[in-house]
Each structure stands twice: as structure tokens, then as C-alpha cells.
1. In sequence order, what are the phi-derived ³J(HN,Hα) couplings for the stretch 361-366 according to the Karplus relation 6.51 cos²θ - 1.76 cosθ + 1.60 with θ = phi - 60°, rounded to whole Hz, with x for glycine and proline?
2. Which ³J(HN,Hα) values, rounded to whole Hz and listed in residue order, are derived for the stretch 33-50 from phi using the Karplus coefficients 6.51, -1.76 and 1.60 in 6.51 cos²θ - 1.76 cosθ + 1.60 with θ = phi - 60°, glycine and proline given as x?
3. For helix 233-249, what angle does its Cα long axis make with the longest principal axis of the chain, in degrees from 0 to 90 and rounded to 10?
4. With a 10 Å radius around each residue's Cβ, average the other Cβ atoms per peptide and rank 217-223, 133-139, 44-50, 249-255, highest first.
5. Under the rule that a partner needs its Cβ under 4.7 Å from the first Cβ, which Cys of the chain have none?
6. How far apart, in nanometres, would the label points at residue 254 and residue 283 be if each is projected 7 angstrom from Cα along the Cα-to-Cβ direction?
7. Say the dipole of the stretch 84-174 comes from +1 at the beta carbon of Lys and Arg and -1 at that of Asp and Glu; which of 142, 113, 84 then lies farthest toward its positive end?
8. Where does helix 99-121 land angle-wise versus the long Cα axis of the chain, in degrees 0 to 90, nearest 10?
Amino acid sequence: MSNGRAVLLAPSTVANTRRGVTHIENITLKAFKYRLYPTKAQESALDTTLILCQRLYNGMLEERRGAYKKAGKSLTAYDQMKSLPEVKAALPEYAGVNAQVLQDVAKRLDKSFKGFFRRIKAGQKAGYPRFRGRDRYDSFTYPQPSQNSVIGDGKHVYLPKIGNVRIRLHRPCAGKLKTLAVKREGREWYVVLTCEVPRAEPLPATGSEVGIDVGTTWFYTTSDGEFCENHRFFQRSSRKLRVAQRSLARKPNKRSNRRKKAKERVAKLCRKTARSRLQLHHEEAKKLITNHDLICHEDLNVKGMAQGNLSKQIHDVGWGQFFQILSSKAAEAGRRVIAVDPRFTSQRCRICGHTEKGNRASQANFRCLSCGHSENADVNAAKNILAQGLRFVAQRTSQEDACHEKPQPAGLG
């Protein structure tokens, strides 16, 4: 979630039954991220809360490991939350941390273990929960915040045990507040408000369908012949980043202030690159969703492709993040996004269907060796992607129609 962005998290359907009548409400969770401007005293309290939560997380992890090794017992989040009063009695500094924040630490650890066991059952790489260093624990959560957490003046947010912290509320926060998370990014502080809001009304139909072919030369190319520039944010910042990383490497003392400052410079450059890329993805996804009812793209194995020779370029363009944002915005706007099989879409002639590697004369030019059709290679691929998506929609529609057909009564003999 970027600064100033409202992100669709998950749609859900809630059924309320009253007097035999069931009312269905479409509910959407949205996360609103805002910049915080704490005073020095408040910043110290935020840092202290993070440190104590990190220590509690590691202590609970050690407790779970010890209980299983010594007694073969698996502790639950509820077991560990019951011991929090004893922790506060033994360590008075924890009295300055909100009780719900401490309980959320236990739930966070429990979630890590559930993910660990789920991956084991699925035969995936397990990834046993690890101890967290200070740099690896950067947020804490109020799971049941007050609905009046954002002060009426719109300039402050109330954080229990910390106080009213100045906030830049650049856009209104709508809906019922579900959780409130405080996050540290470098030297900056943010608050993430997760709200429950009614699902928005679908956008009016445009009657337009489009296929998009993503790449590293162009960010994407549409079947209408539109080319979106690949801004190459990481490549443009690579020189500054390289200088900052070399400066960091020349400071081996991990406890020195100079190394901390050099490390922060590297992190700041990486954050700026990520935010610029995320802003581009949001803008382009919004444009596609606004102008088209159906968007078809390739179903790419981005993680697998990023392990090849073009790993830097693929990570820089960020297809996976873009597809996720596109699907999220489509679900909110009532649009349809379809991922199609990417095989041979760049080698198939959209006119005659002839598929051959030699059809693609170069990166930009396509010339069919069978019928002689010539076109921009990316536009030809985007039109093939759209055609596959339309065939998929037609098949699904015919299947749904067949399911809704009522069987005819047998004739009388």
C-alpha cells in the first residue's frame, strides 16, 4: 500500500437473517494509508512500543519452541495471551503498551505457525517462523480501534497509550473502522486504517474489450495499438543506488552511526523506486478499468521468469503487482479481467492462425511466413490475447446457458 492510496483488500458477502428473511450485503475492506507526524516524545513512545512488541514476539516464539521440545506441547495464541498479565507484572515497561497491541503480537505469531503447518501439508517449502531483529519488526496493530480514532478536526489520530498524533488526512476515511496499524518506514511513520465499506456501484458499460501484451521494451501494448512507456524506475535510480550501496559496504561496523545513515540512504532510494512503480501501476490500471469492460492479459509465471537472464528488467517492470492491482480495481468497478494461456501468442498470426517462431522477424516486427501479414509484434500478440479471452467468455456463457436450460417434458406416446 502506497502513501495516499486506498487499496481494495477483499470483498465479502455477509448474510443477515431476521424474521425468516435473509438480507445479503456486499462488503468491501479498504485500507487507507496516511503519513504521521509525531512529536519527539511520541516518536520515542512509538519506537519503544515497536521494540517491546519485537521482544515479546521473540519471547513467545522461544516459549513455543521450548514447550514443544521439552513437553511435546503445542501452545496456542489463547494460551500465550492468558500469560500477558504475568508478563506485565514481571516487566513493568509493558504496562505502557496497549493490551490489544500485545494480544495482536500473539495472534501474529500464531498466524506464522499456521502458515508453516499449511505449507508442510501442501508439500511446499515450510519456512519455520524465525526470530525478528529490530529491522525486521516494523509495525504494530490495534485490532479493535475506536470508531472515533480519527479526531474530528481531521488533523490528529488517537493511538491508545501514545496520544493524539498529527496526521496528514489528505482524503476522507470512509466506512466502519476495523483495524488500525502503525508502520515505520525508515524514519517515517504511517498509519493504515482498514475500513469496512459497502461495495461501490459498477461503472457504466463502455462496450469495449481490450487485450494487453506486457513486456520490458514497453510496459504494455494494447490490441488497440496503444503503447505504454516502461519508465524503468530501478534502472534510472541504479547509479545513485550503486553509489549508496558501495558507501554502505565500506562501513563494516554494524553499530556505527555512519553505517546506520548509509543504510537509511539505500533504503530511502529503494522506497522511492517502489513508490514510483506502484503509482504507475495504479494510474495505468485505473485507465484500463475506466475505458474497457473486459481486459485480457497473459497468465504469466512471473516468479519463474524472474529467475532468468532478464530478472532485473522483470523485477523493475513489476508485472505481478500490476496484475494484482488490475484485478482488484476490476472487482470494485464491476469489470472483468481474464488471464489467458500465454503460449505462442507472440508467434501466432492473428489473420490465418499460422504459428511459427520465424514469424516474429524481430522484437518489434511480425511477418507471417504463411500469409504474409505484417504488423507490430506486440500489437499482434495483444490481439491474439484478446481473441483467446473472448473465446473463453463465449465458452463460459454457453456453459452457463446450458446449466440454466430446463429439461423439456417427455412427449406422450
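The values are calculated or read from the model by the stated rules, or taken from the named source; none is laboratory data. Predicted, not measured: the structure shown is a model, and the values here were computed from it. For neighbour counting, all protein chains shown are included, and Cβ atoms are generated from backbone atoms with ideal geometry for every residue, glycine included. Side chains included, ligands, DNA and RNA excluded: accessible areas come from the protein's heavy atoms. Shrake-Rupley method; radii C 1.70, N 1.55, O 1.52, S 1.80 Å.
1. 5, 8, 4, 9, 10, 10
2. Per residue, the Karplus-derived 3J(HN,Hα) values read 10, 10, 7, 9, 10, x, 6, 4, 5, 5, 5, 5, 5, 5, 4, 4, 4, 4 Hz.
3. So the helix axis and the longest Cα principal axis differ by about 30 degrees.
4. Ranked from most to least packed, the peptides come out as 217-223, 44-50, 133-139, 249-255.
5. So far as the 4.7 Å Cβ criterion goes, 53, 173, 195, 228, 270, 296, 403 stand without a partner in the chain.
6. Calculated label separation equals 4.0 nm.
7. 113
8. Value to nearest ten degrees: 50.
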